[in-house]
Amino acid sequence: MNRLLEELANEYNAEIRGWYGYYGRFYPLEMRKIWEHINWYLVQWVRRKYKKLAKSSIRARGYLKRIASQNRDLFIHWRLGVLPEAEMVEAV
């Protein structure tokens, strides 16, 4: 698995877990939008980090989806079942 992605997860998981603990109980549908937006940012990070994935968001999403399916415990929202999908809506 990608060590840089592990470092990113370690850096942000506490904050993401806090959002889930505070907002997740009362606003689960809104949290879903936030989880998907975090996945979108992760795809953008992968595209900037890896030159061969830079031109294709579909390939970058596929790469991230493979990592997410192999290690669902990496990010808290992946553990909750919100994995990156090929048909993700691009955030503005």
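The values are calculated or read from the model by the stated rules, or taken from the named source; none is laboratory data. These numbers come from a predicted model, not from an experiment. Glycine gets a Cβ as well: all are built from the backbone with ideal geometry, and neighbour counts include every protein chain shown. In case anyone asks, the SASA skips ligands and DNA or RNA and just uses the protein heavy atoms, side chains included. Shrake-Rupley method; radii C 1.70, N 1.55, O 1.52, S 1.80 Å.
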Checklist entry - Which one of the conditions (1) touching a helix residue (DSSP H, G or I) at 6+ places or on another chain (Cβ under 8 Å); (2) crowded, with 17+ Cβ neighbours inside 10 Å; (3) touching a residue at least 12 places away in the same chain (Cβ under 8 Å) does residue 65 fail to meet, given that it meets all the rest? => result (1)
Checklist entry - Of everything in region 24-44 that's modelled with pLDDT under 95 and open to solvent by 100 Å² or more (accessible area, probe 1.4 Å), which residue is nearest to residue 80 (Cα to Cα)? => result 32
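Mind checking which residues of region 19-29 are under 16 Å from the mean Cα position of the chain (by Cα) and over 14 Å from residue 78 (Cα atoms)?
Here is the first cut: in region 19-29, the ones under 16 Å from the mean Cα position of the chain (by Cα) are 19-20.
Result: 19, single match.
Working only within region 30-62, note down all residues that are of a type in the set (Lys, Arg), within 21 Å of residue 79 (Cβ to Cβ) and touching a residue at least 24 places away in the same chain (Cβ under 8 Å). Working first, answer last.
Residues of region 30-62 of a type in the set (Lys, Arg): 32-33, 47-49, 51-52, 55, 59, 61.
Cutting the leftovers down to within 21 Å of residue 79 (Cβ to Cβ) gives us 32-33, 61.
Passing the criteria: 32, 61.
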